[in-house]
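**Q** Below is a structure I'd like to ask you about.
The values are calculated or read from the model by the stated rules, or taken from the named source; none is laboratory data. Source: prediction; values computed, not measured. Here the Cβ positions follow ideal geometry from the backbone for every residue, glycine too, while neighbour counts run over all protein chains shown. Areas reflect the complete protein model, heavy atoms only, side chains present, ligands, DNA and RNA absent. Shrake-Rupley method; radii C 1.70, N 1.55, O 1.52, S 1.80 Å.
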Amino acid sequence: MSRIKLWLLLLTLVTVWPGSSGSAQPADTVRIDASHIDTKVLIPGVHRYLVYFKNGKDSSRVRYQMWTRNIEFVRYEGKDAIRVKQEWESNSQVFHRVTSYSEKTTFAPLYQESWWSTAGTWKFDFVHNIAIVNGKSLAESVDSAGKSQWSAFEAARGQYILNWHLDLEVFPMLPFKEHTTFLINFYDPGFSAPEFVPYAVTGSGTLKGYEGQDIACWLLETHDDKNHEVFWISKKTREVLKLDQQYGSTFRYKIKLPFSE
């Protein structure tokens, strides 16, 4: 199953926000490797995002979700690591939980275990080369879907990749500067093989915070013929504060909440 198919399955699709302040200057291209990642900018603790959708840009909001993400610096398999726990809920019900471990300095994935209400439990162990979906080893899979998942996992283990399921944690760690396009080798455990995805710094923007505070942001953009995403990333704290996404006529928004209980 591709990430796009998953979005369709979960009804978690898509927006773009006009008003980028970027100019039409040539962009530098940076192929992201471990040397470009700064894990020190990550802020430990609980972070929450309100996620909602529209069936048209000017339509009413529909399909509300709450995403909770907890970042912790821990030890894993005798190494310094970063653990991110996620819980996604909608209509007072949790439909997705995931725990991800990454190397502390490179953010390369070490392990991920996830549960989907629609797809069961998946475990991907990058240290011990083990992948299990709903209790069955992908290495021993005889069906085409399982073989494809295993092939993608093996390909991911042979190169430096970043976990696409942790994109909201990856983006803050990038070396932002004007007129730069990042090529990120993303892999979402259980989905298709790693691929270099371009994300362009298209300029700067300002969000209005509490008490009239102006929050200066980088605008990080990616798109193809179906999908268009713009991430608003605080220049001061490096947090992803907002996502505007459009997929066809469907719009998705993520808004970071300023407080957690």
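**Q** Taking the stretch 184-197 as the search range and keeping residues that are free of Cβ contacts under 8 Å to residues at least 60 places away in the same chain and open to solvent by 10 Å² or more (accessible area, probe 1.4 Å), which one is farthest from residue 35 (Cα to Cα)?
**A** Among residues in the stretch 184-197 that are free of Cβ contacts under 8 Å to residues at least 60 places away in the same chain and open to solvent by 10 Å² or more (accessible area, probe 1.4 Å), the one farthest from residue 35 (Cα to Cα) is 193.
**Q** Please pick out the residue among 250, 237 that is surrounded by fewer than 19 Cβ atoms within 10 Å (Cβ to Cβ) and not aromatic (Phe, Trp, Tyr). Reasoning before the result, please.
**A** Values: 250 fails: surrounded by fewer than 19 Cβ atoms within 10 Å (Cβ to Cβ).
Only one candidate qualifies: 237.
**Q** Separate question: Go through the residues of the stretch 10-28 one by one and say whether even a single one is at pLDDT 95 or above, hydroxyl-bearing (Ser, Thr, Tyr) and either assigned to a loop (DSSP other than H, G, I, E, B) or closer than 23 Å to residue 172 by Cβ (or both).
**A** The answer is no; no qualifying residue exists.
**Q** Right, something else. Can you tell me which residue among 99, 68 is in contact with a Lys or Arg (Cβ under 8 Å, 6 or more places away or on another chain) and over 25 Å from residue 196 (Cα atoms)?
**A** 68
**Q** Among 222, 206, 202, 181, which is in contact with a Leu (Cβ under 7 Å, 6 or more places away or on another chain), polar (S, T, N, Q) and open to solvent by 10 Å² or more (accessible area, probe 1.4 Å)? So that I can check it myself, show each step before the final result.
**A** Values: 222 fails: in contact with a Leu (Cβ under 7 Å, 6 or more places away or on another chain); 206 fails: in contact with a Leu (Cβ under 7 Å, 6 or more places away or on another chain); 181 fails: in contact with a Leu (Cβ under 7 Å, 6 or more places away or on another chain).
When all the criteria are applied, what remains is 202.
**Q** Which one of these is open to solvent by 30 Å² or more (accessible area, probe 1.4 Å) and in contact (Cβ under 8 Å) with a residue 40 or more places away in the chain: 63, 75, 69? Give the steps one after another, and end with the answer.
**A** Numbers: 75 fails: in contact (Cβ under 8 Å) with a residue 40 or more places away in the chain; 69 fails: open to solvent by 30 Å² or more (accessible area, probe 1.4 Å).
Going through 63, 75, 69 in turn, the sole match is 63.
**Q** Among the listed residues 138, 110, 166, which satisfies the condition of being among the hydrophobic types (A, V, I, L, M, F, W, C) and touching a residue at least 40 places away in the same chain (Cβ under 8 Å)? Talk me through it step by step, then tell me what you get.
**A** On the way: 138 fails: touching a residue at least 40 places away in the same chain (Cβ under 8 Å); 110 fails: touching a residue at least 40 places away in the same chain (Cβ under 8 Å).
Answer to the selection: 166.
**Q** A further question follows. Tell me which strands (runs of 3 or more DSSP E) are completely within the stretch 154-249 and hold 2 or more residues being closer than 19 Å to residue 50 by Cβ, or say none if there are none. Write out each step before concluding.
**A** On the way: elements: 180-187, 195-208, 214-223, 227-234, 240-247.
Passing ranges, in order: 195-208, 214-223, 227-234, 240-247.
**Q** Okay, next question. Is the stretch 38-57 home to any residue that is under 23 Å from residue 220 (Cα atoms), modelled with pLDDT under 90 and either under 21 Å from the mean Cα position of the chain (by Cα) or surrounded by fewer than 18 Cβ atoms within 10 Å (Cβ to Cβ) (or both)?
**A** There is at least one residue in the stretch 38-57 that is under 23 Å from residue 220 (Cα atoms), modelled with pLDDT under 90 and either under 21 Å from the mean Cα position of the chain (by Cα) or surrounded by fewer than 18 Cβ atoms within 10 Å (Cβ to Cβ) (or both).
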